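The values are calculated or read from the model by the stated rules, or taken from the named source; none is laboratory data. Keep in mind the model is a prediction, meaning the values are calculated, not measured. Cβ sites come from the backbone with ideal geometry, for glycine too, and all protein chains shown count toward neighbours.
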Amino acid sequence: MTTDVDSIVIGAGVVGLAIGRELARSGRSVLVLERNAGIGEETSSRNSEVIHAGIYYPRHSLKARLCVRGRELLYAYCHSHSIAHQRLGKLIVATDNDQLSRLQDIYLRGRANGVTDLVYVDQPELNEMEPALRAVRAILSPSTGIVDSHQLMLALQGDLERAGGSVVLRSPVVGGAVLAGGGGGFRLTVGGVEPIAITCRELINCAGLQAQAVTGAIDGVPSASIPAQYLSQGCYFSLQARSPFKRLIYPLPNQQGLGVHLTLDLQGRARFGPDARWVQGIDYSVDPALARDFCESVRHYYPAIEAQQLQPAYAGIRPKLAGPGEAAADFMIQPEAEHRVPGWLALYGIESPGLTAALAIGEYARMQLDNHRCG
């Protein structure tokens, strides 16, 4: 069957752009469709912009494998494309002796994942490295850093377009169907001022917060393949004072995430977050009253913080596959074997470390689709 393009990627966040770039560079004709007026306006631009090392995730999980691989790809990509970034390092801190066994568990997990540069730092050295920090011991992760996520996405878009692909904005997918016969394929209805129909041989769902809804709009994709989605809002507050730290500071993780940590932007300004709360819908507002809760959390490792120093910054929403009281879920990148639809690849629950892992996810997605081609 003849189709309009080889591959359509739904969603122009950092992961969608990375997959589109990878597919275009493999020789495919590629369209990346984005419902918003710009690239990366949702999860990709509402995070900590941290390049993670790959420490926290279960061994052999997609998150662990793709984060470690993606980190190295990302640093190399930033160098080759002159994308602003810094390898600042981060400290994961135990603030009392009762936390030392958990700190050791994190160290061992990171080593098992292939993060080989982790080192313990004890209190005397911590006092020299970060005088404002209160902690009894820490893990130093030298390969953790920060990146300008918007520059990164622009570079990915540029590579994609130079390889012959296109990003089309204000183009929501409002429906579609799996085509029967002739080798399969897909027909999409793309909204806008004048809705149009377009066909493709491969369809990749990178719609992030809308991924489940997009799959539900494609006739012929089994509804049983769509996982439940849970939304977690995370708010950030900026520090209205000079940063007391030179590195990123992370408390021990909790059930919902990595805790209220301190990150730095590329200008050296400090911000705290995210917190985590379950929500029913997408809400990017930040309640100024949360400053008191932030202050209470941060004071465990930064005793000098005062609530009046915190200013609401922004919020993000994470698409999660595990709900309250459940263990954190892995990335879900469904191959054909799980849904029996040739050429269909759906990504769900792509939260942190999705930014770090984006280039590796692009590789992984292309290999999954190549396997279908060879089959």
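Every residue, every condition in (1) touching a Gly at 6+ places or on another chain (Cβ under 7 Å); (2) closer than 23 Å to His85 by Cβ; (3) at pLDDT 95 or above, yes or no:
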site	(1), (2), (3)
Val298	no, no, yes
Gly316	yes, yes, yes
Pro324	no, no, no
Glu351	no, yes, yes
Gly354	no, yes, yes
Ala357	yes, yes, yes
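Taking region 147-160 as the range and being surrounded by fewer than 18 Cβ atoms within 10 Å (Cβ to Cβ), in contact (Cβ under 8 Å) with a residue 24 or more places away in the chain and part of a helix (DSSP H, G or I) as the test, the residues that pass are His150, Gln151, Leu154.
Restricted to strands (runs of 3 or more DSSP E) entirely inside region 308-363, those with at least 1 residues that are within 23 Å of Ser225 (Cα to Cα) and among the small types (Gly, Ala, Ser) are 344-348. With respect to being part of a loop (DSSP other than H, G, I, E, B) and more than 21 Å from Gln311 (Cβ to Cβ), Leu266 falls outside the description. Candidates in region 162-179 are the residues that are touching a residue at least 40 places away in the same chain (Cβ under 8 Å) and outside any strand (DSSP E or B); of these, the one that is surrounded by the fewest Cβ atoms within 10 Å (Cβ to Cβ) is Gly164.
Table: residues versus (1) surrounded by 20 or more Cβ atoms within 10 Å (Cβ to Cβ); (2) at negative phi.
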position	(1), (2)
Arg277	no, yes
Pro288	no, yes
Tyr302	yes, yes
Ile317	yes, yes
Glu326	no, yes
Gly343	yes, no
Leu347	yes, yes
Ala360	yes, yes
Arg366	yes, yes
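For the residues Gly16, Gly40, Gly11, Gly20, the requirement of being buried (at least 22 other Cβ atoms within 10 Å of the Cβ), more than 15 Å from Pro353 (Cα to Cα) and either modelled with pLDDT under 95 or in contact with a strand residue (DSSP E or B) (Cβ under 7 Å, 6 or more places away or on another chain) (or both) singles out Gly20. With respect to (1) assigned to a helix (DSSP H, G or I); (2) touching a residue at least 60 places away in the same chain (Cβ under 8 Å); (3) over 18 Å from the mean Cα position of the chain (by Cα), the lone exception for Ala224 is condition (2).
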